[in-house]
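The values are calculated or read from the model by the stated rules, or taken from the named source; none is laboratory data. Note that the structure is a prediction, hence the values are computed from the model and not measured. Cβ placement follows ideal geometry from the backbone for every residue including glycine, while neighbour counts extend to all protein chains displayed. These area figures cover heavy atoms from the full protein model, side chains too; ligands, DNA and RNA do not enter into them. Shrake-Rupley method; radii C 1.70, N 1.55, O 1.52, S 1.80 Å.
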Amino acid sequence: MQPTTPSAEENRPLDDLPRTEALRRMLDSQVAAARCVAGAIAEIDHAADAVAAAVAAGRRLHYAAAGSSGLMALSDASELAGTFGIPSKQVRIAMAGGVPVDARMPGDTEDGTDEARDAASGMKPGDVALVLSASGTTPFACAFAESARAKKAKVIAIANVARAPMLDLADIAISIPTAPEVIGGSTRLGAGTAQKIALNMISTQAGILLGHVHDGMMVNLVADNAKLRQRASGIVQRIAGVSEDAASNALSDARNDTKRAVLLASGASPEAAERLLAETGGRLRDCLAALRANDKTTN
């Protein structure tokens, strides 16, 4: 079967299209990039296992990347504490040139191999490095991956070019070959979308494996503002089947620890809640099953 030749309309540059057609092409490119992630499901699952194991063992997660990839890494890393209650001391972000505070990301920082090695110097065996590069050749990312391997950390690499050199440095290589960008070289578009989706999947699956998701809810969230306290209250109400007042009281007694609040609202004593969480590795479903079994035994 002969490959189809793009029509003249399909070959028109983005800036030469009518505005709605340009937007439609942008959207189509994002959808196509998202579909590319499907080919890496198995590797993403392996990566989630590695992340969950490291977090459970008290090891650190190190995100490393430059430019647009660095922004994708920063976004995922920064949400781990609030979404899944992963202690911030277990998460490190190595972004070439540092995290920007004035919207400037000088391009030369991606060549900073010495900076990458310095950033990786504190890694220890058992840590996990999540290293991103659209091309898979970015010097900063490759140097970080090399240093992480030398430190006997596990390396998860995400690249948007098949058989990219950086993937050869990884214990878990996630190849998501996206199509050429609608604006040549602007990897914040299709490549960035695919990277962010992959990171979302890794961290969410890891959160599930750690027992931080129950019935599709974030039961390990850090309720440190009014909105999240209200969300935590709703979670306690739904899981424990109690009133808003009872949920609020349980959260207060549990010092805004949502899992403990669920157990308290379900009838556990503070001591029993602590013991159940310790025995089950914080898996609320197992805690509730043990609590119900104990109720049947004593009644």
- Task: Find the eigenvalues of the gyration tensor of the Cα atoms of the stretch 149-299, then list the square roots of 5 times those eigenvalues as equivalent ellipsoid semi-axes, largest first, in whole angstrom.
- Result: 42, 19, 12
- Starting from the Kirkwood radius over alpha-carbon pairs of the stretch 27-80, derive D by Stokes-Einstein at 4 °C in a medium of 1.567 mPa s and give it in µm² s⁻¹. 99
- Note on the structure: For the stretch 94-164, the Debye formula with one identical point scatterer on each Cα and no solvent gives log10 I(q)/I(0) at q = 0.17, 0.19, 0.25 Å⁻¹ as -0.60, -0.74, -1.12
- Spin-label pair Arg104/Arg117, simplified geometry with 7 Å Cα→Cβ offset, distance in nm: 2.7
- Query: In the chain, what % of DSSP beta bridges are antiparallel (nearest 5)?
  - Reply: 15
- In Å, the Kirkwood hydrodynamic radius of the stretch 59-182 over pairs of distinct alpha carbons? 14.3
- Query: Within the stretch 88-124, what residues put their amide N at less than 12 Å from the label point 7 Å along the Cα-to-Cβ vector of Asp224?
  - Reply: 88-89
- Note on the structure: Rounded to whole angstroms and listed largest first, the alpha-carbon spread of the stretch 199-288 along its three principal axes comes to 37, 31, 20
- Can you give the helix-only mean residue ellipticity at 222 nm for the chain, where every DSSP H stretch with n ≥ 4 adds -39500 (n - 2.57) and the sum goes over all residues, rounded to the nearest 500 deg cm²/dmol? -16500 deg cm²/dmol
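For the chain, what's the relative contact order in percent, using C-alpha pairs closer than 8 Å and at least 6 residues apart?
Reported relative contact order: 17 percent.
Taking the chain, how much of its Cα-Cα pair set, in percent, is spaced more than 27 angstrom apart?
Of all Cα-Cα pairs in the chain, 51 percent lie more than 27 Å apart.
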- For Val55, what charge total do you get from the other residues with a beta carbon under 12 Å from its beta carbon, if Lys and Arg give +1 and Asp and Glu give -1? +1
- Please state the equivalent ellipsoid semi-axes for the stretch 143-223: what are the square roots of 5 times the Cα gyration tensor eigenvalues, largest first, in whole Å? 27, 20, 10
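Take every DSSP beta bridge with both residues inside the stretch 105-259 and express the antiparallel ones as a percent of the total, to the nearest 5.
25
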- Query: Do any trypsin sites (Lys or Arg not before Pro) in the stretch 62-122 lie in a loop, going by DSSP, with at most 14 other beta-carbon atoms within 10 Å of their beta carbon, and if so which?
  - Reply: Arg104
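Could you check how much of the accessible area of the chain is carbon and sulfur, as a whole percent, using a 1.4 Å probe? Kindly include the intermediate steps, with their values, before the conclusion.
Values: 7950 of 15580 Å².
Of all accessible area on the chain, carbon and sulfur atoms account for 51 percent.
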